[in-house]
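Below: one structure, written as structure tokens.
The values are calculated or read from the model by the stated rules, or taken from the named source; none is laboratory data. Predicted model, so just to flag it, every value in this text is computed and none were measured. We place every Cβ from the backbone using ideal geometry, glycine too, and count neighbours over all the protein chains shown. Accessible surface is based on the protein model in full, side chains and every heavy atom, while ligands, DNA and RNA are left aside. Shrake-Rupley method; radii C 1.70, N 1.55, O 1.52, S 1.80 Å.
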Amino acid sequence: MRTGVSKRPPANDEPQRRNGPRQVAELLPDVGRAAFRRFGFVQSSIVSRWPEIVGERYANVSQPESIRFPHGSKQDGVLTLTVKGAHAVIMQHIVPEITERVNRFFGYPAVARVVIKQGDVAKPATRAAPPSLKPAPVELGQNLKGIADPELKAVLESLAAGVAARPTLPRIG
């Protein structure tokens with residue numbers, strides 16, 4: 001015979017948090033990843049880094065639309081490109097090079113075939129460094145010449161300029 005009463009925690013309208021509060025910046029990559037995956041992109045960076053992958057010349061006349069993979073696989077996919085009008089013929093000639101560059105970007109044979117569609121292409125967004133950033137001094141800039149990523153290079157140059165401009169410790173007041 002059971003005579004004990006089971007102890008349950010009082011019912012709250014609000015569920016308890018398990019991990020604590022999270023910053024919005026932590027949640028945004030998940031939101032973007034879901035949106036890009038819906039349109040066939042495993043990595044959203046292929047869209048944002050398209051000029052780096054194919055070069056400025058071809059990025060101005062093309063943009064990736066989607067990558068479709070065979071069911072249950074993440075390789076040997078079909079990359080669909082939207083290309084401006086008459087540039088489609090030129091792009092057709094460099095399809096093997098585009099395939100090779102995209103696969104090198106992914107690090108595995110993600111794309112086996114490229115499909116070209118004619119259409120309007122949005123101009124790629126280029127972000128210039130803020131005007132307040134000055135080039136790093138010559139002695140500090142020599143080490144930064146090998147950095148290919150323009151954003152990283154601009155940030156490191158800014159850091160180097162800040163280090164060079166501050167000969168003493170900051171005064172706390």
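The residue of region 114-124 that is modelled with the lowest pLDDT, among those that are out of contact with any helix residue (DSSP H, G or I) (no Cβ under 8 Å at 6 or more places or on another chain) and outside any strand (DSSP E or B), is K123. Does L169 qualify as being over 16 Å from R49 (Cα atoms), among the aliphatic types (A, V, I, L, M), modelled with pLDDT of 75 or more and open to solvent by 50 Å² or more (accessible area, probe 1.4 Å)? So L169 fails the test. Here P109, P135 are screened, and the one residue that is at pLDDT 90 or above, over 18 Å from the mean Cα position of the chain (by Cα) and assigned to a loop (DSSP other than H, G, I, E, B) is P109. Count of region 57-79 residues, restricted to those that are in contact (Cβ under 8 Å) with a residue 12 or more places away in the chain and outside any loop (DSSP other than H, G, I, E, B), is 12. Any residue at all in region 74-87 that's over 18 Å from E100 (Cα atoms) and modelled with pLDDT under 90? The answer is yes; a qualifying residue exists.
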